[in-house]
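Q: Here you go, one structure.
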Amino acid sequence: MKRHEVLAQIAAIQAPADSAEGMLYALIATKRSLDMTSQEAASMGIDTTELDTERARLDVLVSEARETYAKAKEKAVKDTQALRAGLTDPSRPVESPVIPQSSTAPDRS
């Protein structure tokens with residue numbers, strides 16, 4: 001199997017973990033934003049009951065997303081282990097079919 005095919009398989013296997021990680025980070029960012037908003041509103045004497053309810057709901061969603069990400073990442077690591085072992089030099093870039101052109105500009109005199 002060609003190197004780029006192996007790398008494509010690895011990327012496909014890792015996609016669910018990458019997606020789960022993105023969701024986790026988005027929920028964490030939303031939670032932080034709501035935490036700051038709640039603190040600011042409370043310092044101005046504004047009722048934060050509804051906001052605090054949403055923050056509590058986000059706590060649950062973050063916990064669920066964290067668990068989903070951990071499971072997906074573990075599966076991706078296990079499922080890509082054999083593919084990675086087959087790569088002779090994982091740091092080597094994928095071969096490009098593009099032939100680089102000369103870096104000198106043509107003489108237009």
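Q: Between a residue in the range 26-46 that is within 10 Å of Val62 (Cβ to Cβ) and any residue that is hydrophobic (A, V, I, L, M, F, W, C), which pairs come within a Cβ distance under 8 Å, given they are 6 or more apart or on different chains?
A: Note: pairs meeting the criteria are Leu27/Leu58; Leu27/Leu61; Leu27/Val62; Leu27/Ala65; Ile28/Val62; Thr30/Leu58; Lys31/Leu58; Lys31/Val62.
Q: Got a number for residues in the range 16-50 being in a helix (DSSP H, G or I), over 30 Å from the mean Cα position of the chain (by Cα) and surrounded by fewer than 11 Cβ atoms within 10 Å (Cβ to Cβ)?
A: 3
Q: Do the conditions hold for Leu87, that is, is it touching a Phe, Trp or Tyr at 6+ places or on another chain (Cβ under 7 Å) and closer than 30 Å to His4 by Cα? Show your work before the answer.
A: Details: touching a Phe, Trp or Tyr at 6+ places or on another chain (Cβ under 7 Å): no; closer than 30 Å to His4 by Cα: yes.
No: the conditions fail for Leu87.
Q: Looking at the range 1-15, which of its residues are touching a residue at least 40 places away in the same chain (Cβ under 8 Å) and within 12 Å of the chain's Cα centre (by Cα)?
A: Across the range 1-15, the qualifying residue is only Gln14.
We did not get these values from a lab; they are worked out from the coordinates using the rules stated. Just so it is clear, the model here is predicted, and its values are computed rather than measured. Counting neighbours? That spans all protein chains shown, and the Cβs are built from the backbone with ideal geometry, glycine included.
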